[in-house]
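Worksheet: one structure, shown below.
Please treat every number below as a calculation from the coordinates, not as lab data. All figures in this text were calculated on a predicted structure; none of them were measured in a lab. Here the Cβ positions follow ideal geometry from the backbone for every residue, glycine too, while neighbour counts run over all protein chains shown.
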Amino acid sequence: MLREEYPKLGSVFTLNILNKNITFLIGPEVSAYFFKALESDLSQQEVYQFNVPTFGPGVVFDVDYSIRQEQFRFFTESLRVNRLKGYVDQMVVEAEEYFSKWGESGEVDLKYELEHLIILTASRCLLGQEVRNKLFDDVSALFHDLDNGMLPISVIFPYLPIPAHRRRDQARKKLAEIFGSIITSRKQTGKSENDMLQCFMDSKYKDGRPTTETEVTGLLIAALFAGQHTSSITSTWTGAYLLRHKEFLTAVLAEQKNLVRKHGNKVDHDILSEMDVLYRCIKEALRLHPPLIMLLRSSHSEFSVTTREGKEYDIPTGHIVATSPAFANRLAHIYKDPDTYDPERFAAGREEDKVAGAFSYISFGGGRHGCLGEPFAYLQIKAIWSHLLRNFEFELISPFPEIDWNAMVVGVKGKVMVRYKRRELPMN
């Protein structure tokens, strides 16, 4: 739709969709206000209400902005560098354990394998060892029902009495019971863990009030929803592009060899932070395939934007305002050959996203509502791919994957079949 309208209508246009006026702001020149505006002017709350049945009451989009800001502070505190270092150690262990079960050679669906590993990793880092070690299958099945209860129809009618929504509500109830029992057990025994669950349990609002069981459960569900799909999708695209573009595969392998010479086989937070080539490869996969293709706000006050051609538009109160990472990330006046996979566009000397200015790269949103989990996501994907690159050779044996536009979080369509062979990283 945007590909059709943008050449005709330019970077600012309004479409009437389901009797709602949706004004699109495409490109950094006009979308800067979208990212910088106060919540009182451009609000998330109304447009993301469909998340409430999934996340539950009393959290994120079911509370006013002041409370939501405090809850986002809890997320920020759970993702500080000292905590990320502990999470990385857990990520590395999960990757080593998971891939140790592969044979000497074989064929696998890379998409399935990475999806499965990432939910295991998320369970350990976010939900805690009780879930990871004893309740993983139960919790994984319940999250599957929650996930399948978020359909396109759910955006408009989140409480429609359909089977998928009934299963969603049952799963939400059972998850609350599971997390409630873990929280009670930890409080009774005085046990404390290095995971997001513990961070949320220990969090306090500015008035001194501690978080409730209901809030902790809702925040955990929101965190898992925010990270699980996006990380597995980006991991899969990263692998597919590296196997298609041998010159970049050679570059990331060379980087891994240099790091092994420098640090041995050890992988930790600081070593992952040295993987600049792999970082650029992940970032470029995300530029081409941001899992969230549309970001929305509700306009509470009139505002004006000016295009790069100097044309001014007034956006009325009451419009839904949208921008699209999927489209904005491929604008030809920002990125050279925008549909081509070229991680070097982010290397020193080019840095196309920085040259073009703020909000030129919006895979993680930006401004007041940038993704809090961005550092966690990069570390998780680097931990997985550094292990795979050091221990296996791969060949893509299915066609290069297509985009699954039908999913709520836009990912990879069908299987991504690869042939693997176990080997040590050749150091010559």
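Structural remarks
- In loop segments of the stretch 340-375 as defined by DSSP, the GluC sites (Glu not before Pro) with at most 15 further C-beta atoms inside 10 Å of their C-beta are Glu351.
- Correct option for log10 I(q)/I(0) by the Debye sum over Cα atoms at q = 0.07, 0.09, 0.14 Å⁻¹ [calculated from the coordinates] among [x] -0.29, -0.49, -1.31; [y] -0.42, -0.68, -1.22; [z] -0.35, -0.60, -1.45: [z]
- Averaging 1/r across all pairs of distinct Cα atoms in the stretch 54-196 and inverting the result yields a Kirkwood radius of 17.5 Å.
- Per-residue Karplus couplings for the stretch 325-338, computed as 6.51 cos²θ - 1.76 cosθ + 1.60 with θ equal to phi - 60°, are listed in order as x, 4, 8, 4, 6, 10, 6, 5, 7, 10, 10, 5, 6, x Hz, Gly and Pro entered as x.
- Length gained on full extension, Glu247 to Trp405, computed as 0.36 nm times the residue gap minus the Cα-Cα distance: 54.0 nm.
- Our note on the geometry: Cα centres of the stretch 1-24 and the stretch 31-109, 29 Å apart.
- Residue-averaged 222 nm ellipticity for the chain, from DSSP H runs of 4+ at -39500 (n - 2.57), nearest 500: -15500 deg cm²/dmol
- Under 5 Å, built H, 5+ apart or other chain: amide partners of Gly411: Asp404
- Subset of Lys134/Lys174; Lys283/Lys336; Lys36/Lys85; Lys246/Lys421; Lys8/Lys283 violating a 24 Å alpha-carbon distance limit: Lys36/Lys85; Lys8/Lys283
- GluC sites (Glu not before Pro) restricted to the stretch 65-108 and DSSP loop, no more than 10 other C-beta within 10 Å: Glu104
- Summing Cβ point charges (Lys, Arg +1; Asp, Glu -1) relative to the Cα centre of the chain gives a dipole of roughly 460 debye.
- HN-Hα J in Hz across the stretch 45-58 - Karplus 6.51, -1.76, 1.60, θ = phi - 60°, x for Gly and Pro: 4, 5, 6, 10, 4, 5, 7, 4, x, 7, 6, x, x, x
- Three-way shape call for the stretch 168-321 based on the alpha-carbon gyration tensor, with the a/c threshold at 1.5: oblate
- Highest average packing first - 219-225, 408-414, 384-390, Cβ atoms within 10 Å: 219-225, 384-390, 408-414
- In terms of the mean number of neighbouring beta-carbon atoms within 10 Å, the peptides 146-153, 258-265, 203-210 order highest first as 146-153, 258-265, 203-210.
- For the stretch 369-414 versus the stretch 112-183, the gap between their alpha-carbon centres in whole angstrom: 21 Å
- Along the stretch 114-127 the Karplus relation, 6.51 cos²θ - 1.76 cosθ + 1.60 evaluated at θ = phi - 60°, assigns HN-Hα couplings of 6, 4, 5, 4, 5, 6, 5, 5, 4, 4, 5, 6, 9, 8 Hz to successive residues, with x for each Gly and Pro.
- Distant-in-sequence amide H partners of Phe303 (H built 1.01 Å from N, under 5 Å): Ile315
- The C-alpha atoms of the stretch 32-113 occupy a region whose extents along the principal axes are 57, 31, 31 Å, arranged from largest to smallest.
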